[in-house]
1. Got a sec? Which helices (runs of 4 or more DSSP H) wholly within region 63-166 have at least 3 residues that are more than 15 Å from the chain's Cα centre (by Cα) and over 19 Å from residue 38 (Cα atoms)?
2. Please list, ordered by first then second residue, the pairs with beta carbon atoms under 8 Å, 6 or more apart or interchain, first in region 29-51 and at positive phi and in contact (Cβ under 8 Å) with a residue 24 or more places away in the chain, second in a strand (DSSP E or B) and buried (at least 16 other Cβ atoms within 10 Å of the Cβ).
3. Just checking, which of 87, 150 is surrounded by fewer than 18 Cβ atoms within 10 Å (Cβ to Cβ) and touching a helix residue (DSSP H, G or I) at 6+ places or on another chain (Cβ under 7 Å)?
4. Of the conditions (1) within 20 Å of residue 140 (Cα to Cα); (2) in a strand (DSSP E or B); (3) over 14 Å from the mean Cα position of the chain (by Cα), residue 37 fails just one. Which one is it?
């Protein structure tokens with residue numbers, strides 16, 4: 001189902017984005033981190049229409065993008081599915097993969113026991129995304145993006161910013 005599609009991103013839920021980015025940089029040399037203070041996206045989460053709101057930072061670590069996430073709202077969300085609201089817990093949340101046909105991949109994943117529990121279409125970016133429930137098997141979700149210029153450009157921008165990064169200006173502003 002996902003053979004031949006590299007893991008492009010590892011995402012973590014953290015309490016303090018900046019502190020987590022500093023620790024990640026100190027340990028792995030990752031960065032710079034592009035910080036978006038509020039990403040709010042209308043999604044279908046477990047069959048219900050909700051707004052998913054979170055703060056996030058994106059940086060590069062070798063061949064893999066790192067996302068650090070912090071929920072901005074309480075209540076049902078893909079973050080709280082794994083780390084319940086108010087639990088104070090965090091850790092790996094998902095790994096992201098870019099696929100050519102998201103609907104076909106979701107259909108195959110569902111047949112293999114990995115149902116889509118979140119779907120979103122961001123019209124302004126012409127981008128489709130979904131989260132597959134792989135928590136029982138792997139302890140985290142799998143995020144899918146369908147190949148499109150906006151997602152490829154985003155990953156490329158983060159990767160290019162890391163070329164020759166020396167730790168100066170660890171944080172950069174990001175808006176969608």
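Every number here is computed from the coordinates shown, using simple stated rules; none is lab data. The model shown is predicted, which means the values in this text are computed figures rather than measured ones. Positions of Cβ are backbone-derived with ideal geometry, glycine not excepted, and every protein chain shown enters the neighbour counts.
1. The helices (runs of 4 or more DSSP H) meeting that bar are 102-111, 135-138, 149-162.
2. Sorted first by the residue in region 29-51, then by its partner, the pairs are 29/61; 31/59; 31/60; 46/117; 46/118.
3. Working: 87 fails: touching a helix residue (DSSP H, G or I) at 6+ places or on another chain (Cβ under 7 Å).
Result: 150 is the single residue among 87, 150 that is surrounded by fewer than 18 Cβ atoms within 10 Å (Cβ to Cβ) and touching a helix residue (DSSP H, G or I) at 6+ places or on another chain (Cβ under 7 Å).
4. For residue 37, the exception is condition (1).
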